[in-house]
Amino acid sequence: MNRKLSLSLLFLALWLLFQTAFTLGQLYQNKLNNERFIASIETRVALDLSRLKLANEKFRTAADPDSIEQYMAQMNENLARLNSSALIVSLQNIDLATLEPSNNVQKRVLKSPEQSVEIAIQLLPINWRDGLTLIAPLFALMIAGWRYLTPPAKRSRYRLPQSTSPELEAEIQKLIINLKDKSIQFGSDGPAILLPNKPFCFYAALVDYCIQTDAPNLKHNIDVPNELILIANKYFYRLIELGHTKRKRPDFGANLDKTLSEIRSALDEAFKHNSDMKDLFYPPKAQGEGSRSKMHNYAITNDHPELVEFIGK
């Protein structure tokens, strides 16, 4: 897909996402505001109930519609100053004539020992402009702009076939780490290279560790991570279970240069006829002077873990 088109679609998708999130937030906030103002109206009427001139059958008193309408109008003025989304429109069936009829009316009943008072509260419609925001397109533009300025990630030189049919899967060459015979092999037809216990276990652990770890940082000037040593120990104990050795467990953190040298030598043999694939599984060597430089990272940068197969794991 054209990069500009994909960035345009990304911008529109992000705009829609942020706008939807903002609108839903506004609707939820409006619901909370409605509940708050309705509770405020109920509380105010309850406090003023004793002085309101409402009809009361118990005391045989008649209502004073003019004073009740004046009371509701005054309350609505106070609510308007607070930007209330709710207004009182009726009190004990006395309607406020100055407001237009609306279908969005909620009725509440206040009960006291002397009488029950019905209140009708009108909820104002939501202004659709309140649901729009400039923040949504600005955020979308910032992210799309950042994506535009970021160069596309480099693709691996090796590309897997798009199809996953059994025939094609059988043709895909993999690095085979075989614990049953302590060998490494690339592809089913490649030579199987045998390794001593220590480099074999360390390499199997190195491949496993780099697959599990995001951006592994393995340098000569720092100790081998405990996680990597634990994985190497696990493979060594597996070799004991398979009957390959009864020797004492080696120190996988010692003589790192020698261990890596043995591993690289074995990989050179295993990839003799597939040198273009070797970099995916090869612990990098230090370049230039100072082979133990702080900048040297011997982690394997293979972004295709499906190209590794463990046997006897």
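The values are calculated or read from the model by the stated rules, or taken from the named source; none is laboratory data. The shown structure was predicted, so the numbers you read here are calculated from the model rather than taken from an experiment. Backbone-built Cβ (ideal geometry, glycine too); neighbour counts: all protein chains shown. In case anyone asks, the SASA skips ligands and DNA or RNA and just uses the protein heavy atoms, side chains included. Shrake-Rupley method; radii C 1.70, N 1.55, O 1.52, S 1.80 Å.
For the chain, the longest piece that avoids every one of the GluC sites (Glu not before Pro) found in DSSP loops with at most 13 other C-beta atoms within 10 Å covers 115-288. Potential lengthening of the chain between residue 150 and residue 278 amounts to 43.2 nm, from the contour at 0.36 nm per residue minus the alpha-carbon distance.
Rounded to the nearest whole Hz, the Karplus-based 3J(HN,Hα) values (6.51 cos²θ - 1.76 cosθ + 1.60, θ = phi - 60°) of segment 197-204 follow the sequence 4, 5, x, 5, 5, 5, 5, 4, with x at glycine and proline. Database remark: amide H of residue 183 closer than 5 angstrom to the amide H of 178 (H placed geometrically; neighbours at sequence offset of 5 or more, or on other chains; Pro and chain starts carry no H). Rolling a 1.4 angstrom probe over the chain with all protein chains present gives an accessible area of which 54% lies on carbon and sulfur atoms. Using the Cβ-Cβ distance between residue 116 and residue 28 with R0 set to 25 Å, the FRET efficiency works out to roughly 0.20.
Legend: distances between Cα atoms for 246/278; 198/219; 258/313; 180/278; 174/248; pairs beyond 27 Å are 246/278; 174/248.
In terms of overall dimensions, the chain has a Cα radius of gyration and Dmax of 38.1, 109 angstrom.
Note on segment 18-131: with charges restricted to the Cβ of Lys and Arg (+1) and Asp and Glu (-1), its dipole about the Cα centre is near 320 debye.
Evaluated on segment 86-143, the Kirkwood hydrodynamic radius is 14.5 Å, with distances taken between all distinct Cα atoms. The residues neighbouring residue 270, those whose beta-carbon lies less than 15 Å from its own, together hold a net charge of -3 under the Lys/Arg +1, Asp/Glu -1 convention.
Gain on full extension, evaluated as 0.36 nm per residue between residue 258 and residue 213 minus their Cα-Cα distance, stands at 13.8 nm. Rg and Dmax of segment 181-313, based on Cα coordinates, read 14.4, 43 Å.
Summing +1 for each Lys or Arg and -1 for each Asp or Glu among the other residues whose beta-carbon sits under 12 angstrom from that of residue 43 gives +1. Partners of residue 111 within straight-line reach, counting aspartates and glutamates whose Cα lies under 17 Å from its Cα and excluding those fewer than 8 residues away in the same chain: 42, 48, 57. At a probe radius of 1.4 angstrom, the accessible area of segment 1-111 per residue rounds to 70 square angstrom. Take the Cα of residue 64, step 7 Å toward its Cβ, do the same at residue 50, and the gap between the two points is 1.7 nm. Spin-label model, residue 241/residue 313: points 7 Å from Cα along the beta carbon direction are separated by 1.3 nm. Rolling a 1.4 angstrom probe over the protein heavy atoms with all chains in place gives segment 167-223 an accessible area of 47 Å² per residue. Rounded to the nearest 20, the size of the Cβ-charge dipole of the chain about its Cα centre is 1140 debye, with Lys and Arg at +1 and Asp and Glu at -1. Computed 3J(HN,Hα) for segment 141-150, one whole-Hz value per residue from the Karplus formula 6.51 cos²θ - 1.76 cosθ + 1.60 where θ = phi - 60°, is 5, 4, 5, 5, x, 4, 5, 5, 7, 7, glycine and proline marked x. Phi angles of segment 279-286 translate, via the Karplus equation with coefficients 6.51, -1.76, 1.60 and θ = phi - 60°, into HN-Hα couplings of 4, 5, 10, 9, x, x, 8, 6 Hz per residue; Gly and Pro are given as x.
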